[in-house]
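Below: one structure, written as C-alpha cells.
The values are calculated or read from the model by the stated rules, or taken from the named source; none is laboratory data. Worth saying up front: this structure is predicted, and the values here are computed from it rather than measured. FYI the Cβ positions are ideal-geometry reconstructions off the backbone, even for glycines, and counts take in every protein chain you see. When the accessible area is computed, the model is the full protein with side chains, heavy atoms only, and any ligands, DNA or RNA have been set aside. Shrake-Rupley method; radii C 1.70, N 1.55, O 1.52, S 1.80 Å.
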Amino acid sequence: MNKNLKRSIYTGIAALSFVAIAGTANATNASAKSYAKVTSNKTLTTDGTTRNVNVNGTNALYTKAGTLKGAKTVATKATLSNLSTSKSSEKNWRAYKVATTNRGSVYYKVVSFDGTYRGWIYGGKSTSAYAGGLKDYNTTTDPTASTDTSSSASSYSTTSSQASQTSALTTAQKAATYKIATPGTTNDGTEVTYSYPAWTQYKKGRVITDSTPYKDATFKITDETTRTREGDLWVKIEATNSANSAANGWIKYSGLTTYTSTPVSTFDSDTSVKIAYRDTSTGKTLSTTNTWTTSSSSTKEGGSAVNYTNSDGQTIGKYIYSKGAPSGYKITTTDSKDLATDGSNATVTPSLANATFGATLTVDVTPVASMTKVKYEVASATTGNANSTLSSSDFLYGYPALTASAQTSSLPVGGSTSGTFTVSSYFGSDGTFTKALNSTSSSNSVQTIKRNSDIWDASGNEVITPSVIANGLTGFFGQTDSSKSTTSAPAHYFYVYNPTKTLAANASTMNNGSTVNIVFDRYSTNTTPASLNSDLNANTDYVSK
C-alpha cells in the first residue's frame, strides 16, 4: 500500500475518532445543562390559614422541583385533577415551602391534610400569587342566606332535618338552645367538638375526644360556616354554663338537637293580667306576651287591677314601661312622645284605667329599625388590597363582648326604619363605640400591652414608635402566631381598632339598622395574654354573624 495513502487513512480515522469523542462530551454537557438548579428554598412563615391551597391538575406532584435532576412523580396530573374536585376536606392542601430555580420557575412544597400526598408542584413564575398547578383555596365558605320566617326553632329540632340543611341559620335557630344529640367518642363531626370544622385547617383537630361528660350540657350557637368541599353546615357552640366551657368548639349542625325547657305557667286569673302586643303596621298580634301579677292575695278574677302593684312595686303601667317593646318595635304612644315611666301614654286596649284581673291588655307597637350591628375585619397589609373578615375563632376569647348597657349607649339603637346616623359620632376616634370597645368596664377581653416585650406589625417589623413605648397598644389577643413564637416565648396576634380605617371603609352616613365594618390593625406580640374578665356580664349580640 502506498505509504502516503496509508498515512492519510490513519490520519482520517484519528480525526473521526476525535470528532466522535468531542461529540459525546458535548452531548453529555448539553444533557447536564437541561436540568434546572434551585437558587432559593425557604419555609413559608405566614399564618398557616392563609396558605390553604388546591391543586388543579395542570401540573404533577414531584419528590423535588419537576425540572431538577432525579425528580420523581408523586402524583400525576390526572390524579391531582381528580383530587381537586374531591368532596372530602381531607383532600385540602397546605403549602409550607417555596423554591425558585435558576430559570425563574417557582415550586411549592405542599401536603394534603390527610398526609397521603406530599411533594413539590410548579407554582408559576412569581411568589406573589399561586399559579401553575396551585390556586388559593378557602376551605370554608359562608352558608347561603336563609329564607328566614317566623318559624320557631322547634321546627328544626330533629337531627334528620338539620342534616340536610346547608343554608344559614334562621333567626329562631340562632336564638335556640341546643344539646349534643348523641354524646360519645365518634370522630365524625357529630359527637365531639373541634377547634375548626374538621379538616379545614391543617393539623387542627378535636377540642374534646368524648362528649359523654357533657350529655346534659346546653349550648348556644355563636358562629356558623360550611365546609367548601362537603357543603355541610358547621356551627360554633358555647356552653350556657361556664362549667362546661371545655366542650366549646365547632360541630356539625346535624349533631345538635334543640333543647326546650318545660315552661312554668305563672298566670293566675285571680292575680294576673296578660300583656300582649299588636303590630300597628299589620294589625296582627305578636307571639310575645308578658304577665303582670299582683303581690296581693285578696284579689279575684274580674276585679279592677288599677290600684295594685306587683312584688317590685310596679303598677301595670310601670310594668309595661319596664318591659319595653318586643325586639324590633317601640311602644306607640297617644301623644307621639316617648313612653312615660308610668306607662300612662301607652296606646293600650282596653285602657289601663279599665284593666281587670284575668284579662289581656293589648299594647300597640310600631316597627323600628333593628339595632345597628358590626362586622369585624382586619386591614390588609398591602395598600390597595381588600380587608379580610375576622371570625370569632380568630380572636383568642371570641368576638369582643360588650355589656348590654354599653351596646345600648354606644350604638345607634332602634329609631325610624328610614332614619340615618352619622358614622363618625359612634365609630370615630372619639366615638361612643370606640370608647366602649376599648374600656375594661364595658369590654370583657380588651387588654393593653406595653413595650416591655416584643411587638411586631403586620409586615413583621418591630414596633418602637414613641407613642407605643409610652402608652402601649390597646386591643384584643388573637390566636397563636407560629411565625413569631419560640419555645420560651409563644407569640399571639393582637388586634387594635383603627377608627380612621373604619371610617374609610363605610359611608359617612348610614341607615338605622345597618351593619358597620369595623377595621383592626393586626400586630404580633410575645406578651402573655391575661385571662378573660368573666365577672363582666357581656355578650356579642351586637356582632353581625
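Restricting to region 267-292, count the residues that are within 18 Å of Q314 (Cα to Cα), assigned to a strand (DSSP E or B) and touching an Asp or Glu at 6+ places or on another chain (Cβ under 7 Å).
0
Report yes if some residue within region 68-87 is assigned to a strand (DSSP E or B), closer than 27 Å to G189 by Cα, in contact (Cβ under 8 Å) with a residue 24 or more places away in the chain and open to solvent by 50 Å² or more (accessible area, probe 1.4 Å); otherwise report no.
There is no residue in region 68-87 that is assigned to a strand (DSSP E or B), closer than 27 Å to G189 by Cα, in contact (Cβ under 8 Å) with a residue 24 or more places away in the chain and open to solvent by 50 Å² or more (accessible area, probe 1.4 Å).
Do we find a residue being under 17 Å from T257 (Cβ atoms), modelled with pLDDT under 95 and in contact with a strand residue (DSSP E or B) (Cβ under 6 Å, 6 or more places away or on another chain) anywhere in region 199-207?
The answer is no, given that none of the residues of region 199-207 is under 17 Å from T257 (Cβ atoms), modelled with pLDDT under 95 and in contact with a strand residue (DSSP E or B) (Cβ under 6 Å, 6 or more places away or on another chain).
Being in the same structural domain as Y397 (by the TED database), touching an Asp or Glu at 6+ places or on another chain (Cβ under 6 Å) and buried (at least 20 other Cβ atoms within 10 Å of the Cβ) narrows it down to one residue among V463, V519; which is it?
V519
Which ranges mark the strands (runs of 3 or more DSSP E) fully within region 342-450 that have 2 or more residues being at pLDDT 95 or above and closer than 30 Å to T271 by Cβ?
Fully inside region 342-450 and qualifying: 360-367.
If I go through region 278-290 residue by residue, how many of them are open to solvent by less than 40 Å² (accessible area, probe 1.4 Å) and touching a Ser or Thr at 6+ places or on another chain (Cβ under 6 Å)?
The total comes to 0.
Given the conditions (1) within 15 Å of T177 (Cβ to Cβ); (2) under 14 Å from the mean Cα position of the chain (by Cα); (3) crowded, with 23+ Cβ neighbours inside 10 Å, which single one is not true for W234?
Among (1) within 15 Å of T177 (Cβ to Cβ); (2) under 14 Å from the mean Cα position of the chain (by Cα); (3) crowded, with 23+ Cβ neighbours inside 10 Å, the lone unmet condition for W234 is (1).
Among the listed residues A470, A458, which satisfies the condition of being over 22 Å from S392 (Cβ atoms), in the same structural domain as I518 (by the TED database) and of a type outside the set (V, I, T)?
Among A470, A458, only A470 is over 22 Å from S392 (Cβ atoms), in the same structural domain as I518 (by the TED database) and of a type outside the set (V, I, T).
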